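The structure appears below as structure tokens.
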Amino acid sequence: MELTADGRGLVKDAGVVLLRKTADAVGLTARIGEVFGPGRVERICRGAVLVGAASAIAAGARNLSQVERMLAGHAGTFGSCGSDSTLWRTLDSVDERVLKRLSRARARSRRTLWRMLTARPGGFPWLQVGGKRLHGWVVVDLDATIVGCHSRKQNATGTYKGGFGHHHLGGWIANTGEALSILPRPGNAGSNTATDHITVLDEVLTQVPDEGRHSKLLVRIDGAGASHDTVSHLEQLGTTRRRVAWTIGWTITGVEEAAIKALPERAWAPYLDQDGTIAAPIHYGDGDGASDENRSEYGHVAELTGLAKRPGWPTTMRLIVRRVPIAPRDQAAGRVTALEKTTGWKYAVTATNIGRMRGIPGTNQPQWLDVLHRQHAVVEDHVRAAKTTGLGLLPSASWRINTAWVLLTGIARDLDAWTRLLTFHDHEHLAKAEPATMRELVYRLPARLAHHARRRWLRFDRDHPHTDAITTAWHRLQVLPAVT
């Protein structure tokens with residue numbers, strides 16, 4: 001074997017062209033370019049700079065220099081996206097006014113994308129929860145996450161978990177995996193700060209297309225959302241054109257414990273799995289305090305509405321309680337109350353304004369409402385994917401640069417989700433692939449750029465197992481209607 005350095009037309013991360021082509025197809029590149037206008041010095045479209053950077057972040061770039069190196073090989077595919085200095089200046093120019101205009105550009109592109117999804121085979125991806133299809137419901141999950149850092153970056157402070165860094169709050173669409181809003185916050189920001197939840201909720205509404213087929217919105221928040229201000233704001237979001245339902249984790253106090261004690265045993269119904277079937281029992285061994293006759297199912301669900309009365313909350317609010325066996329790790333960590341030690345069950349309460357979902361039978365049942373809120377756990381997957389797509393490592397000491405970078409990571413998550421939804425939606429392995437899988441099997445693949453018959457040809461390895469899927473994805477993007 002001989003080693004030479006005379007190769008020509010090689011593109012290291014060739015699959016990035018799918019992300020960039022998706023952005024062009026939904027009009028995102030052009031709309032971001034309109035926000036900034038023509039470049040003054042570099043003569044490079046700032047829309048191409050930001051979309052190119054977001055594509056590189058989706059493909060695994062973690063800082064500005066990695067973005068530059070990844071895109072350097074694409075000068076012959078979709079053109080120059082500038083240097084890391086150009087990207088830095090672009091991010092530094094993003095102030096509050098530009099952030100709002102970029103938000104509108106994203107919302108318009110999202111509306112275009114959702115119309116494309118509705119027109120594709122299979123239509124819009126409605127959720128399946130507890131054995132029921134939530135047709136017509138867009139489901140949004142809010143959650144906060146800590147991003148640690150090891151230097152004195154602006155607004156990096158001690159966190160409530162004892163670490164050091166930032167504490168962002170975001171909203172994701174469970175239907176598609178899109179990142180609607182990620183609010184950068186200092187590390188000492190509270191987990192249940194109502195003003196921050198309201199800010200994210202308002203941004204969510206600007207991002208969700210306000211059309212007839214998307215007029216029903218379900219918002220799910222963990223216990224951090226259980227505040228009067230957040231609940232009141234959720235109640236006010238509903239209009240004659242849009243219905244807003246919500247489920248929120250609820251803090252158990254002495255009022256709820258007294259209500260739980262007052263529940264007769266016949267009030268408890270079996271705990272359900274996500275497919276709508278009764279959950280199988282789990283035995284943790286002796287000493288957990290629960291009697292054997294209560295273990296024919298894994299756990300149980302009941303309604304506390306009317307028993308746990310607190311003034312000042314909406315009259316339509318319902319409280320759903322579930323009990324499950326106490327896990328050994330909870331006992332070892334001391335996360336067991338006196339009531340739970342006595343009964344042998346671990347309790348959790350969910351608050352909701354859902355009486356029933358019209359047209360979906362059984363959605364008024366406490367068992368199903370409990371399943372609906374438990375499915376909120378999928379937001380952890382979205383947060384984890386975001387942290388592996390740029391959010392987990394802020395690149396600058398400047399808060400302004402990092403704020404723009406957080407926006408860029410949201411666009412990167414959108415581009416990854418949009419690419420899979422538009423082109424790989426019927427692929428067995430890539431339709432719901434993790435970011436690392438997409439990078440390994442698609443985005444980071446090498447190819448050779450050739451010129452023939454006045455056309456450019458990006459040639460992937462014909463022996464790669466997913467080459468056919470990649471070429472099919474490109475053809476699907478090619479035939480999408482032009483955005484006006």
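Figures for the structure shown
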item	result
Number of the exception - Phe424 against (1) surrounded by 15 or more Cβ atoms within 10 Å (Cβ to Cβ); (2) touching a strand residue (DSSP E or B) at 6+ places or on another chain (Cβ under 7 Å); (3) not polar (S, T, N, Q)	(2)
Criterion: among the β-branched types (Val, Ile, Thr), at negative phi and assigned to a helix (DSSP H, G or I) - qualifying residue of Thr363, Thr342	Thr342
Flag for Arg439 being touching a residue at least 12 places away in the same chain (Cβ under 8 Å), surrounded by 14 or more Cβ atoms within 10 Å (Cβ to Cβ) and touching a Lys or Arg at 6+ places or on another chain (Cβ under 8 Å)	no
Residue match in the stretch 347-368 (condition: more than 13 Å from Val321 (Cβ to Cβ), without any contact (Cβ under 8 Å) to a residue 40 or more places away in the chain and among the hydrophobic types (A, V, I, L, M, F, W, C))	no
Output for the stretch 313-335, where each listed residue is in a loop (DSSP other than H, G, I, E, B) and in contact with a Gly (Cβ under 9 Å, 6 or more places away or on another chain)	Thr316, Ile326
Of all residues in the stretch 14-33 being open to solvent by 10 Å² or more (accessible area, probe 1.4 Å) and β-branched (Val, Ile, Thr), the one that is farthest from Ile470 (Cα to Cα)	Thr29
First in the stretch 174-193 and on the phi > 0 side of the Ramachandran plot, second anywhere and open to solvent by less than 10 Å² (accessible area, probe 1.4 Å) and not aromatic (Phe, Trp, Tyr), Cβ under 7 Å, 6 or more apart	Gly177/Ala417
Odd one out for Ala327, checked against (1) of a type in the set (A, V, I, L, M); (2) in contact with a Phe, Trp or Tyr (Cβ under 7 Å, 6 or more places away or on another chain); (3) closer than 21 Å to Arg220 by Cβ	(3)
Entirely in the stretch 1-120, the helices (runs of 4 or more DSSP H) that have 3 or more residues that are of a type in the set (A, V, I, L, M) and farther than 16 Å from Val483 by Cβ	16-25, 46-58, 64-72, 96-119
Scope the stretch 208-249; condition surrounded by fewer than 16 Cβ atoms within 10 Å (Cβ to Cβ), free of Cβ contacts under 8 Å to residues at least 40 places away in the same chain and among the charged types (D, E, K, R); matching residues	Asp210, Asp229, Arg241
Odd one out for Arg358 among (1) surrounded by 21 or more Cβ atoms within 10 Å (Cβ to Cβ); (2) in a loop (DSSP other than H, G, I, E, B)	(1)
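So that you can scan it fast, the table gives a plain yes or no per residue for (1) modelled with pLDDT of 95 or more; (2) more than 22 Å from the chain's Cα centre (by Cα); (3) open to solvent by 30 Å² or more (accessible area, probe 1.4 Å):
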| site | (1), (2), (3) |
| --- | --- |
| Gly37 | no, yes, no |
| Arg40 | no, yes, yes |
| Ala75 | no, yes, yes |
| Cys81 | no, yes, no |
| Arg101 | yes, no, yes |
| Ala105 | yes, no, no |
| Ser109 | yes, no, no |
| Leu113 | yes, no, no |
| Gly123 | no, no, no |
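Conditions tested, residue by residue: (1) part of a loop (DSSP other than H, G, I, E, B); (2) touching a residue at least 24 places away in the same chain (Cβ under 8 Å).
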{"position": "Thr403", "(1), (2)": "no, yes"}
{"position": "Val406", "(1), (2)": "no, yes"}
{"position": "Lys432", "(1), (2)": "yes, no"}
{"position": "Asp468", "(1), (2)": "no, no"}
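The values are calculated or read from the model by the stated rules, or taken from the named source; none is laboratory data. Note that the coordinates shown come from a computational prediction; the quantities given were computed from them, not determined experimentally. Cβ: placed from backbone, ideal geometry, glycine included. Neighbour counts: every protein chain shown. Accessible surface areas use protein heavy atoms only, side chains included; no ligands, DNA or RNA. Shrake-Rupley method; radii C 1.70, N 1.55, O 1.52, S 1.80 Å.
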